[in-house]
Amino acid sequence: MSSAEEAKKTAPADSGAAADPGNAVNTEKAADPENAVNTEKAADPENAVNAEKAADPENAESRENLEKKARKEAREAARKEAARKRAAVQGVMLFLIAAAAIAMFAISFHLPVLQIYGTAMEPALDPGDMVLCAETRKYERGDLVAFKVDNKLIVRRVVGLGGEEIDIDENGVVSVNGTPIDEPYAQAKDQGKSNIKYPYTVPPGHLFVLSDKRDNVVDSRNTAVGCIDPSVAEGRLIFRMWPAPRIGLL
């Protein structure tokens with residue numbers, strides 16, 4: 001067979017394939033908009049989720065519930081954080097208002113503000129504490145009194161009053177007029193640097209004062225300090241101004 005004849009026989013066969021009704025239908029479907037929509041739906045994530053639900057409804061519902069719970073927990077956490085920040089701001093504002101009020105009160109009544117140094121009065125007073133001091137000549141047992149020794153301002157606690165008999169045993173237990181007194185503030189009870197003879201009688205109108213730490217501090221147990229005359233004392237500590245967490249009466 002010649003090449004021309006092969007070409008003629010091939011051409012009708014190709015024309016017939018292109019004109020085949022079945023093949024034309026497939027071509028029409030590919031171009032059909034509705035078919036395109038179906039293809040788009042198949043690629044739609046939401047449709048995919050629906051398909052997943054249809055395939056495994058229980059697992060899909062469980063996952064959806066977990067997502068809802070996670071979103072709810074995130075909202076709750078954000079709400080709590082916002083509330084915490086508001087509370088912190090309010091706390092700072094209240095502190096500033098209180099500090100300003102205390103400062104005005106101190107200025108109005110000419111109350112000295114003292115800063116604590118040393119550890120002799122821990123834990124009642126810590127180094128760095130800022131306290132208000134009120135002038136007075138009337139003191140009670142347990143009061144904190146500020147006074148000067150060799151031009152140095154110190155703070156001690158009133159334990160004995162004028163005319164009372166003070167005794168301190170070898171274990172550091174303090175007795176007043178023969179009765180041991182309760183001292184929850186006392187630390188490391190000891191006779192300390194004492195050079196006086198017990199029982200010791202407090203001079204009239206004077207105060208017998210001790211540190212809260214009793215083991216290695218100089219106070220009325222030693223003649224270097226002795227008993228205090230209230231008329232020359234700076235005053236009684238009445239209020240702690242600082243630090244903020246410990247603001248309050250003394």
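We did not get these values from a lab; they are worked out from the coordinates using the rules stated. It should be emphasised that the depicted structure is a prediction, and the values quoted were computed from it without experimental measurement. Note: ideal-geometry Cβ built from the backbone for every residue, glycine included; neighbour counts use all protein chains shown.
Data overview
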| quantity | calculated |
| --- | --- |
| Hypothetical label at Q115: residues of segment 142-164 whose amide nitrogen lies under 17 Å (7 Å Cα-Cβ projection) | 152-155 |
| Contour minus Cα-Cα distance for R86 and N195 (0.36 nm per residue) | 33.5 nm |
| For segment 73-210, alpha-carbon Rg over 2.2 N^0.38 Å | 1.52 |
| Charged-residue dipole, Cβ positions (Lys, Arg, Asp, Glu), segment 144-211 about Cα centre, Debye nearest 20 | 400 |
| Positive-end extreme of charge dipole, segment 156-247 - chosen from A188, V232, V202 (charges on Cβ) | V232 |
| Radius, Kirkwood style, for segment 133-250 when every pair of distinct Cα atoms is counted (Å) | 14.6 |
| Protection-proxy order for peptides 212-219, 115-122, 145-152, each taking the mean of Cβ atoms within 10 Å per residue, highest first | 212-219, 115-122, 145-152 |
| Trypsin sites (Lys or Arg not before Pro) within segment 172-207: DSSP coil, no more than 12 neighbouring Cβ in 10 Å | K197 |
| Ascending count of other beta-carbon atoms within 10 Å, so fewest first, for I97, I247, I168 | I97, I247, I168 |
| 5 angstrom amide H check on M241, placed H, neighbours 5+ away | M130, V131, L132 |
